[in-house]
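Undergrad: Please find one structure pasted underneath; my questions will follow.
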Amino acid sequence: MLRLREDNPLEMLRQFSVYYDGDLIENLGAAKMSIDNEHGKGYVSLYELMPGLTAWVYNIEFTQNLVINMNFSEDRPYYFGYNVSGYQLQKFPNEPEHKKIRQGQNFIIVSEPNTSSEFIVPSNIAYKCCYIIINPKELAEGNIASKKRLLQELEANFDNKTSKHPYRYFGDIDTRIGTYASIIVENLRTDVVGRLITEGTVLRMLGSQLEAHQHDRNNEEFRPILSKSELSRITHVGDYVIERIADKFTIDDISLHLRISPKKLQSGIRFLYGYSANEYLTKLRLEHSRELMHSTEMNISEICLAVGYQSKSYFSKIFLDMYGFSPSVYKKRFEDANLLFDISYRSLAVDTTSGKDVDAIIKTARSLNPEFNITGCIIYHRNIFFQIIEGPKKDILTLFDNIKNDERHKDIKVMWKGYKIRREFKNWALATISDEGVLDVQIQGSAKSLELSNVLGKLDNSAIDSENLWRKVRNIIKIHTDNSAA
Ligand SMILES: Cc1cc2nc3c(=O)[nH]c(=O)nc-3n(C[C@H](O)[C@H](O)[C@H](O)COP(=O)(O)O)c2cc1C
């Protein structure tokens, strides 16, 4: 049984990936765990759409029942879900029997602090499901109109129903919600475009679920005005825009490119994302600007031009409307928060790199890294370098530029690049892997021996450079760093 406590969603997904020996890929605000092994085949992804609003997608077939025991936290999250394919069972602890949540059924659960719920996903069925989890406490933070509206709506709908016990609503089979849930489940992407597809659709799905709950009806067939193939073409608008985000272009340019009439384009975007085509373009530009703030050293004027705005004051105004902060305040908050930057990568030593060269690299790193407050660990194993570096963003980016230009290694693959809240290593140190597959590493300053034979043992020599393998190693290290810091 997998015991989960309602927690930071990424942590929960990480626990999943270690439990199932899965491959976890993280992007800004999104992550995906894939498995194709004796436990099953498929993926579970999550999208943190805004603080307090997370979507979980299951598109997976397990070889054994997945039993999750979810312990509810003080925050009283709401769970909205929809089974596109397959079913699951749910029960509260005081109930003798599980209830079945059927395929095509809309369900809502409102948790209650210090209680729990059991969920079972049966083995050997194609399970496709979308959950939206809302944490009202986190949603209440910040000053964004759409969040406030959502909160008011939730309170109006559920407040008096959940005084002591968790609340459960299993609605009817609902094809309208099903249309939205299928789009979410079938969206394989976790980049900016993928996230916006999910974000727009999640909000529509949520609206429909609330509506269905209010009226407790909705057997009517829902007929979208666009065909499936037209809708699928509309999901490509985001790619078109991102590719030329610094340029000026019109809705007509997009419709010409996608071979779809401007009218259908407009209504399709409204159907999928819930806002007009122009609003959607703005959203893509602004989201991209945030990504640039997070991952580059560009200043606001440069970012403004890079996402296609000529006027900095106009850019500032719409950014403020969308996120509740001006771009400079947003960027400064980020920097003032003293957040740490983390880059994890793996690379291959070139043929001429000798043991002496590796010693020299380690010597340099040992002497230079403390000067810049850079901590982390490096593994050198069978000609592979794997390194995690954490520290102030500017210094990490400068060091990584140096490392990228270093001719002693090649084929650098970045596993993760982004901010984190706390340091996971006290110093910078060499970690080693023994012949038996035990990783000796310093975590939070104390020596740990982590078992990797499970991950390494299955591989022949040719697969040792696989990115997936090193991503797993990173996750195993991360799980231990989180436990040590708790
Ligand atoms: C795999 C690998 C990892 C490295 N890690 C570090 C490191 O953590 N810190 C560091 O200062 N140099 C590291 N280096 C060495 C840098 O590439 C560079 O040689 C060093 O920072 C000295 O830079 P400089 O010649 O500009 O002074 C690494 C090199 C390689 C090939």
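Undergrad: Could you tell me the calculated FRET efficiency between Met50 and Lys356, based on Cβ-Cβ distance and R0 = 56 angstrom, to the nearest 0.05?
TA: 0.65
Undergrad: Students often get this wrong, so check it: of Lys410/Lys448; Lys331/Lys394; Lys147/Lys331; Lys413/Lys478, which have C-alpha atoms separated by over 26 Å?
TA: The pairs that break the limit, which is 26 Å between Cα atoms, are Lys410/Lys448.
Undergrad: Related question: Give the long-range amide H neighbours of Gly29: residues separated by 5 or more places, or on another chain, with amide H under 5 Å away, using H modelled in the peptide plane at 1.01 Å from N.
TA: Hits under the 5 Å cutoff: none.
Undergrad: Using alpha-carbon positions, what is the distance between the centroids of the stretch 266-317 and the stretch 427-446, in Å?
TA: 43 Å
Undergrad: On alpha carbon coordinates alone, what is the Rg over Rh value for the stretch 300-340, Rh being the Kirkwood radius?
TA: Dividing the radius of gyration by the Kirkwood radius yields 1.02.
Undergrad: What lysines could a cross-link reach from Lys99, if we take a straight Cα to Cα line under 24 Å and drop same-chain neighbours fewer than 8 places away?
TA: Leaving aside lysines fewer than 8 places away in the same chain, those within reach of Lys99 are Lys91, Lys128, Lys161, Lys164.
Undergrad: Pop out the ³J(HN,Hα) list for the stretch 438-451 in order, Karplus 6.51 cos²θ - 1.76 cosθ + 1.60 with θ = phi - 60°, rounded to Hz; leave Gly and Pro as x.
TA: For the stretch 438-451, the Karplus-derived couplings read 9, 9, 9, 9, 8, 10, 6, x, 10, 6, 10, 10, 10, 7 Hz, x marking Gly and Pro.
Undergrad: Hey, how much of the P(r) for the stretch 383-459 falls beyond 17 Å, as a percent of Cα pairs?
TA: 58 percent
Undergrad: Moving on. With N set to the residue count of the stretch 340-485, report its C-alpha Rg divided by 2.2 N^0.38 Å to two decimal places.
TA: That works out to 0.98 for the stretch 340-485.
Undergrad: If you don't mind, there's one more thing I want to ask. For Lys100, go through the aspartates and glutamates and keep the ones whose alpha-carbon is under 14 Å away, minus same-chain ones fewer than eight residues off.
TA: In chain and number order, the partners are Glu118, Asp172.
Undergrad: What's the percent breakdown of Cα-Cα distances in the stretch 228-336 across 5 Å bins, shortest bin first?
TA: P(r) for the stretch 228-336, in whole percents per bin: 2, 12, 23, 21, 16, 12, 9, 4, 1, 0.
Undergrad: Three principal axis extents, largest first, for the C-alpha atoms of the chain, in Å?
TA: Taking max minus min along each principal axis of the Cα atoms, the chain gives 73, 62, 40 Å.
Undergrad: Looking only at the chain, where both bridge partners belong to it, what percent of the DSSP beta bridges are antiparallel (to the nearest 5)?
TA: 90 percent
Undergrad: Spelling out what I want: for every residue of the stretch 122-137, take phi, set θ = phi - 60°, compute 6.51 cos²θ - 1.76 cosθ + 1.60 (Karplus), and round to whole Hz; glycine and proline get x.
TA: x, 6, 6, 10, 6, 9, 10, 8, 10, 10, 10, 10, 10, 9, x, 5
Undergrad: Another question about this same structure. With each pseudo-label sitting 7 Å past Cα toward Cβ, what's the Arg270-Phe334 distance in nm, one decimal?
TA: 3.3 nm
Undergrad: His409's amide H: which non-local residues (gap 5+, or another chain) put their own amide H closer than 5 Å, with H modeled 1.01 Å from N in plane and none for Pro or chain starts?
TA: When sequence neighbours closer than 5 places are left aside, the close amide H contacts are Val350.
Undergrad: While we're here: Label point 7 Å out from Val414 along Cα-to-Cβ: which residues of the stretch 283-298 have amide N under 19 Å?
TA: Residues 287-298 fall inside that zone.
Undergrad: Per-residue HN-Hα couplings for the stretch 100-115, Karplus 6.51 cos²θ - 1.76 cosθ + 1.60 at θ = phi - 60°, whole Hz, x for Gly and Pro?
TA: Here the 3J(HN,Hα) series is 8, 9, 7, 4, x, 9, 8, 9, 9, 10, 10, 7, 10, x, 6, 10 Hz.
No value in this document is a laboratory result; all are computed from the given coordinates. Quantities reported herein were computed from a predicted structural model and do not represent experimental measurements. Here Cβ is always computed from backbone atoms with ideal geometry, including for glycine, and neighbour counts include all displayed protein chains.
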